[in-house]
Amino acid sequence: AGFDIVIFDEATRFKNWQAAVTKAVMKIGKELPQDTIILPMSGTFIENKIEEIYPPLCLVNKGILGEFYNFKNHYLICDFWGKVTGIRNEKRLKKLIDPWIIRRSIDEVWTDRPPLIEVEKVCEMTKVQRKIYEDAKAGMLKELENKSAEDKINMAEIGALLNYLIQICDGVEAIDPLIKESGKLDVLKEIVEEEIARRYKVLIFSFFANKVIPFLEREMSEYGKCLVITGKTNPELAEKYKQKFINSPDYKFLICSDSMSYGANLQVARYVINYDLPWNPARIDQRIRRAYRKGQDKSVTVI
């Protein structure tokens with residue numbers, strides 16, 4: 001009570017209409033006086049699906065898109081089970097929401113920004129790693145081929161199989177702790193030794209908090225003190241780690257899962273290393289923006 005304007009930053013966090021966090025935010029919106037101005041803010045309002053735009057716009061003004069069933073019937077294409085498969089009346093939807101969205105490009109708001117250097121490294125697997133990868137892939141393909149025509153291919157299962165292969169690419173240790181083989185890890189160590197040494201602070205991101213980040217922490221600790229933040233890190237402890245990384249010259253590496261790809265200001269970092277890449281390009285951009293954002297006055301290298 002008593003607020004004229006309420007701002008929700010990182011509004012992409014409540015993009016799922018059914019999620020508990022979205023329901024909690026909507027409850028706050030309902031309890032505010034009707035003349036309160038509500039401003040959701042995000043660099044990526046839509047990451048995966050068009051329906052992700054519904055909760056923030058609904059928060060601004062429920063009348064823009066109406067009830068969810070109305071929005072769904074007019075603008076979404078769904079399959080027999082109700083899963084969204086596409087969009088319709090796209091031009092009409094764009095015309096409807098355009099007046100409610102203010103978009104500012106990085107060129108408009110940060111004119112004196114330093115260079116962003118993006119480097120792509122191609123890493124060859126070791127012989128042992130390649131053998132394990134090819135054997136795993138062959139086994140997975142055989143398993144899929146053996147499915148009968150009546151079996152419905154489960155896309156979640158396919159995703160899990162692909163993630164398994166990606167973990168092998170990251171390092172065989174992710175699937176077998178006794179086998180420490182990784183061409184990618186060898187390249188990472190070369191980069192740290194040759195380019196970074198002890199001069200710069202580095203953000204390292206991996207999608208696999210439990211399988212890959214532990215051996216990254218072990219290996220990187222040879223080159224400097226490490227801090228690790230994943231989705232399981234207590235919020236208070238995560239904030240403490242962020243402040244240590246920002247303020248203490250002793251800590252050179254902050255190793256993170258994608259839970260750290262939103263809302264953190266870490267302009268002290270000069271390198272952002274994506275040890276593996278998420279499927280969604282918007283997530284990669286969010287990772288980069290932890291270091292390369294307003295307030296950064298030095299060049300940032302993304303690998």
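The values are calculated or read from the model by the stated rules, or taken from the named source; none is laboratory data. Source: prediction; values computed, not measured. Here the Cβ is made from the backbone with ideal geometry for all residues, glycine too, and neighbour counts use every protein chain on show. Note: accessible area is taken over every heavy atom of the protein model, side chains too, but ligands, DNA and RNA are not part of it. Shrake-Rupley method; radii C 1.70, N 1.55, O 1.52, S 1.80 Å.
Details
- Every condition in (1) closer than 27 Å to GLN286 by Cα; (2) part of a strand (DSSP E or B); (3) open to solvent by 60 Å² or more (accessible area, probe 1.4 Å) is met by ARG113 except one, and the failing one is (2).
- Qualifying residue in the stretch 170-179 (condition: in a loop (DSSP other than H, G, I, E, B), among the aliphatic types (A, V, I, L, M) and under 30 Å from GLN243 (Cα atoms)): no
- Residue ID - nearest to ARG270 (Cα to Cα), chosen from residues in the stretch 116-135 that are under 25 Å from the mean Cα position of the chain (by Cα) and either exposed (fewer than 10 other Cβ atoms within 10 Å of the Cβ) or among the hydroxyl-bearing types (Ser, Thr, Tyr) (or both): GLU120
- Yes/no for ASN234 being over 23 Å from LYS184 (Cβ atoms) and more than 19 Å from the chain's Cα centre (by Cα): no
- In the stretch 74-110, residue nearest to TYR54 (Cα to Cα) [restricted to those that are open to solvent by 60 Å² or more (accessible area, probe 1.4 Å) and among the aromatic types (Phe, Trp, Tyr)]: TRP100
- Filtering the stretch 6-24 to residues that are over 15 Å from PHE68 (Cβ atoms) and either part of a helix (DSSP H, G or I) or open to solvent by 80 Å² or more (accessible area, probe 1.4 Å) (or both) leaves ILE7, ASP9, ALA11, THR12, ARG13, ALA20, VAL21, ALA24.
- The residue list ILE166, ILE158, ILE191 contains one member that is open to solvent by less than 20 Å² (accessible area, probe 1.4 Å) and in a helix (DSSP H, G or I), which is ILE191.
- Here PHE71, PHE45, PHE3 are screened, and the one residue that is open to solvent by 90 Å² or more (accessible area, probe 1.4 Å) and either not polar (S, T, N, Q) or not in a helix (DSSP H, G or I) (or both) is PHE3.
- Just so you know, in the stretch 1-50 the residues that are at pLDDT below 90 and among the polar types (S, T, N, Q) include one that is farthest from the chain's Cα centre (by Cα), and it is GLN34.
- Condition check for LEU216: hydrophobic (A, V, I, L, M, F, W, C), in contact with a strand residue (DSSP E or B) (Cβ under 8 Å, 6 or more places away or on another chain), open to solvent by less than 40 Å² (accessible area, probe 1.4 Å) and part of a helix (DSSP H, G or I): yes
- Test: residue in the stretch 257-274 that is within 21 Å of the chain's Cα centre (by Cα), among the aromatic types (Phe, Trp, Tyr) and under 27 Å from ILE166 (Cβ atoms): yes
- Positions within the stretch 14-48 being in contact (Cβ under 8 Å) with a residue 40 or more places away in the chain, among the charged types (D, E, K, R) and either more than 12 Å from LEU59 (Cβ to Cβ) or touching a His at 6+ places or on another chain (Cβ under 8 Å) (or both), in sequence order: GLU47
- Residue within the stretch 69-92 that is over 29 Å from TRP279 (Cβ atoms) and of a type in the set (Asp, Glu) present: no
- Residues located in the stretch 262-302, provided they are surrounded by fewer than 18 Cβ atoms within 10 Å (Cβ to Cβ) and among the aromatic types (Phe, Trp, Tyr): TRP279
- Residue match in the stretch 245-254 (condition: touching a helix residue (DSSP H, G or I) at 6+ places or on another chain (Cβ under 7 Å) and farther than 21 Å from ARG218 by Cβ): no
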